[in-house]
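The structure appears below as structure tokens.
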Amino acid sequence: GAVVSQHPSWVICKSGTSVKIECRSLDFQATTMFWYRQFPKQSLMLMATSNEGSKATYEQGVEKDKFLINHASLTLSTLTVTSAHPEDSSFYICSARVTALGSPLHFGNGTRLTVT
Amino acid sequence: EDQVTQSPEALRLQEGESSSLNCSYTVSGLRGLFWYRQDPGKGPEFLFTLYSAGEEKEKERLKATLTKKESFLHITAPKPEDSATYLCAVHAPSGGYQKVTFGIGTKLQVIP
């Protein structure tokens, strides 16, 4: 149980274009989903918390106009990287938690974004 | 601020050579400590949750333990397929909401 599906697994785009990444909870409902970014040899860094039916909460230093998050249903959150630049190239991972205090996060398989 | 420190950063073992990974943490109001396994190019895979000091969890060759300041992931007689990066994370309240803080991980390589 607690399966999170993320799509696409990798994407290559040109500078200036936008890219959308989808995150779905397959066998549970997630009122909250989390978007992380991971650089080589660094820990997972929380970018934003996605809340179903309301605005996302962004971590300090994360541009909300660049990383648009939409959580339109209890099973789907999307992250759109707008006007992507090479420095946005990274590994993006979404996660969700079955709503229970202290329950673990379950992760998607990540999306490798390369901006050329 | 919550802190999670994992050691060593990298560990190379011969197949069958048991060892332990360490996760030291500083947090107020621990809700849970998690261990994950991450393979290259993949998202983290959940292994264990520990909630209170003295608690232990086991799964195949892995055993996780917890004290008030640190957690250990013991690997008994590892196999090459155990090679991966092992992440530790703590779940605690922060600024009015719940936050999960990750360590950098320990990259384990098991040599046949």
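Some observations on this one:
- Per-residue 3J(HN,Hα) values for the stretch A:73-87, derived from phi via the Karplus relation 6.51 cos²θ - 1.76 cosθ + 1.60 with θ = phi - 60°, read 9, 6, 10, 9, 10, 10, 10, 10, 8, 8, 6, 5, 10, x, 5 Hz in sequence order (x marks Gly and Pro).
- Taken about its Cα centre, the protein assembly as shown carries a charge dipole of about 200 debye when Lys and Arg each add +1 at the Cβ and Asp and Glu each add -1 at the Cβ.
- Taking the Cα centre of chain A as reference, the dipole from Cβ charges on Lys and Arg (+1) and Asp and Glu (-1) amounts to some 140 debye.
- Average partner coverage of B:48-56, which counts Cβ from other chains inside 10 Å: 1
- Computed on the Cα trace of the protein assembly as shown, the radius of gyration divided by the Kirkwood hydrodynamic radius gives Rg/Rh = 0.97.
- D_trans [Stokes-Einstein, Kirkwood Rh over alpha-carbon pairs] for chain A, 4 °C, 1.567 mPa s, µm² s⁻¹: 92
- Across peptide B:35-43, the average count of Cβ atoms from other chains found within 10 Å of a residue's Cβ is 5.
- The radius of gyration of the Cα set in the stretch B:35-112, together with its Dmax, comes out at 13.5, 48 angstrom.
- Our estimate of slack between A:Gln60 and A:Ala2, defined as 0.36 nm per intervening residue step minus the Cα-Cα distance, is 18.0 nm.
- Two-site FRET efficiency, B:Ser28 against B:Ser7, from Cβ-Cβ distance with R₀ of 22 Å, rounded to 0.05: 0.50
- The protein assembly as shown, accessible surface, carbon-and-sulfur percent (1.4 angstrom probe): 50
- Proximity of backbone amide H atoms, modeled 1.01 Å from N, is registered between A:Met47 and A:Trp35, A:Tyr36, A:Arg37 at under 5 Å, excluding neighbours fewer than 5 places apart on the same chain.
- Taking 24 Å as the limit for the C-alpha separation, the pairs B:Lys42/B:Lys79; B:Lys69/B:Lys99; A:Lys64/B:Lys107; B:Lys63/B:Lys107; A:Lys20/B:Lys107 exceed it in the case of A:Lys64/B:Lys107; A:Lys20/B:Lys107.
- Label-point separation, A:Trp10 to A:Phe39 (7 Å along Cα→Cβ), nm: 2.2
- Average Cα contact separation per residue, chain A, under 8 Å, 6 or more apart, as relative contact order %: 37
- Springs join every pair of Cα atoms under 10 Å in this Gaussian network model of chain B, and among B:Pro40, B:Pro78, B:Pro93 the largest mean-square fluctuation is at B:Pro40.
- With eigenvalues of the C-alpha gyration tensor scaled by 5 and rooted, the stretch B:1-63, Å: 22, 15, 14
The values are calculated or read from the model by the stated rules, or taken from the named source; none is laboratory data. Computed from a prediction, not measured in an experiment: that's the story for all the values here. No Cβ is skipped: glycine too gets one built from the backbone with ideal geometry, and neighbour counts run over all protein chains shown. Side chains included, ligands, DNA and RNA excluded: accessible areas come from the protein's heavy atoms. Shrake-Rupley method; radii C 1.70, N 1.55, O 1.52, S 1.80 Å.
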